[in-house]
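**Q** Structure below; questions to follow.
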Amino acid sequence: QVQLVESGGGLVQTGGSLRLSCAASTSIFNFNQMGWYRQAPGKQRELVAVIRKIGSSIYADSVQGRFTISRDNFKNAVSLQMNSLNPEDTAMYYCNVDYRGTPVWGQGTQVTVSS
């Protein structure tokens, strides 16, 4: 079983930036897809961005142009660079991978954007 550990969350003002990191306990080289999701209080968990093994990525409309997902197969890590943050981005952010047919989640990292 793979374990995912997120880091990099925090409190930032509107317009600021944060970089989230997700460290995997095993090689991610063969993982077809890894992603970031978020869940705000009282809302369902939603997709933020995913990146595929071949390097292509998909973003939620709400973050397109502001967030960038990347993966480093040598460091077994996936990152999410978040720019131009606004209060609507406030949520718990989770890293995700489908591991042998089972979704695996990290414990999450909190992002809070003040107005």
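The values are calculated or read from the model by the stated rules, or taken from the named source; none is laboratory data. Nothing here was measured: the structure is a model prediction, and the numbers come from that model. No Cβ is skipped: glycine too gets one built from the backbone with ideal geometry, and neighbour counts run over all protein chains shown. Remember, those area values only see protein heavy atoms, side chains included, never the ligands or the DNA or RNA. Shrake-Rupley method; radii C 1.70, N 1.55, O 1.52, S 1.80 Å.
**Q** Would you be able to tell me the number of residues in region 16-32 that are open to solvent by 30 Å² or more (accessible area, probe 1.4 Å), under 17 Å from the mean Cα position of the chain (by Cα) and farther than 17 Å from Thr68 by Cβ?
**A** Here the count works out to 3.
**Q** Please identify the pairs in which a residue from region 31-57 that is touching a residue at least 40 places away in the same chain (Cβ under 8 Å) and outside any strand (DSSP E or B) has its Cβ atom under 6 Å from the Cβ atom of a residue that is among the small types (Gly, Ala, Ser) and open to solvent by less than 80 Å² (accessible area, probe 1.4 Å), counting only partners at least 6 apart or on another chain.
**A** Ala40/Ala91
**Q** For Val97, all conditions in the list (1) farther than 15 Å from Ser25 by Cβ; (2) more than 10 Å from the chain's Cα centre (by Cα) hold save one; what is the number of the exception?
**A** For Val97, the failing item is (1).
**Q** Mind checking which residues of region 79-89 are open to solvent by 10 Å² or more (accessible area, probe 1.4 Å) and either free of Cβ contacts under 8 Å to residues at least 12 places away in the same chain or not in a strand (DSSP E or B) (or both)?
**A** Asn83, Ser84, Asn86, Pro87, Glu88
**Q** Here is a follow-up. Would you tally the residues in region 1-30 being not in a strand (DSSP E or B) and not β-branched (Val, Ile, Thr)?
**A** Pass one, region 1-30, residues not in a strand (DSSP E or B): 1-3, 8-9, 14-17, 25-30.
From what's left, not β-branched (Val, Ile, Thr): 1, 3, 8-9, 15-17, 25, 27, 29-30.
Going through region 1-30 one residue at a time, the tally reaches 11.
**Q** Across region 37-53, which residue is nearest to Gly106 (Cα to Cα) among those that are of a type in the set (Lys, Arg) and surrounded by 14 or more Cβ atoms within 10 Å (Cβ to Cβ)?
**A** Restricting attention to region 37-53, the residues satisfying the condition of being of a type in the set (Lys, Arg) are 38, 43, 45, 52-53.
Pick out the ones that are also surrounded by 14 or more Cβ atoms within 10 Å (Cβ to Cβ) and you get 38, 45, 52-53.
Details: Arg38: 11, Arg45: 13, Arg52: 18, Lys53: 19 Å.
If we take residues in region 37-53 being of a type in the set (Lys, Arg) and surrounded by 14 or more Cβ atoms within 10 Å (Cβ to Cβ), then Arg38 is nearest to Gly106 (Cα to Cα).
**Q** Looking only at region 79-115, count every residue that is β-branched (Val, Ile, Thr) and closer than 14 Å to Leu47 by Cβ and tell me the total.
**A** Count: 1.
The rows are residues; the columns are (1) touching a helix residue (DSSP H, G or I) at 6+ places or on another chain (Cβ under 8 Å); (2) surrounded by fewer than 17 Cβ atoms within 10 Å (Cβ to Cβ).
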residue: Gly8; (1), (2): no, yes
residue: Thr14; (1), (2): yes, yes
residue: Gly35; (1), (2): no, no
residue: Gly55; (1), (2): no, yes
residue: Lys75; (1), (2): no, yes
residue: Ala91; (1), (2): no, no
residue: Arg100; (1), (2): no, yes
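**Q** State whether one or more residues within region 105-113 are in a strand (DSSP E or B), touching a helix residue (DSSP H, G or I) at 6+ places or on another chain (Cβ under 7 Å) and either touching a residue at least 24 places away in the same chain (Cβ under 8 Å) or more than 19 Å from Gly9 (Cβ to Cβ) (or both). So that I can check it myself, show each step before the final result.
**A** Narrowing region 105-113 to residues in a strand (DSSP E or B): 105, 109-113.
After this cut, where a residue has to be touching a helix residue (DSSP H, G or I) at 6+ places or on another chain (Cβ under 7 Å) as well, the list is 111, 113.
Remaining after also requiring either touching a residue at least 24 places away in the same chain (Cβ under 8 Å) or more than 19 Å from Gly9 (Cβ to Cβ) (or both): 111, 113.
Yes - at least one qualifying residue is present in region 105-113.
**Q** Anything in region 60-73 that is over 11 Å from the mean Cα position of the chain (by Cα) and surrounded by fewer than 21 Cβ atoms within 10 Å (Cβ to Cβ)? List them, or say none. I'd like the intermediate steps shown before the answer.
**A** So the first thing to find is which residues in region 60-73 are over 11 Å from the mean Cα position of the chain (by Cα), and the list is 60-66, 72-73.
Those that are over 11 Å from the mean Cα position of the chain (by Cα) and surrounded by fewer than 21 Cβ atoms within 10 Å (Cβ to Cβ): Ala60, Asp61, Ser62, Gln64, Gly65, Arg66, Asp72, Asn73.
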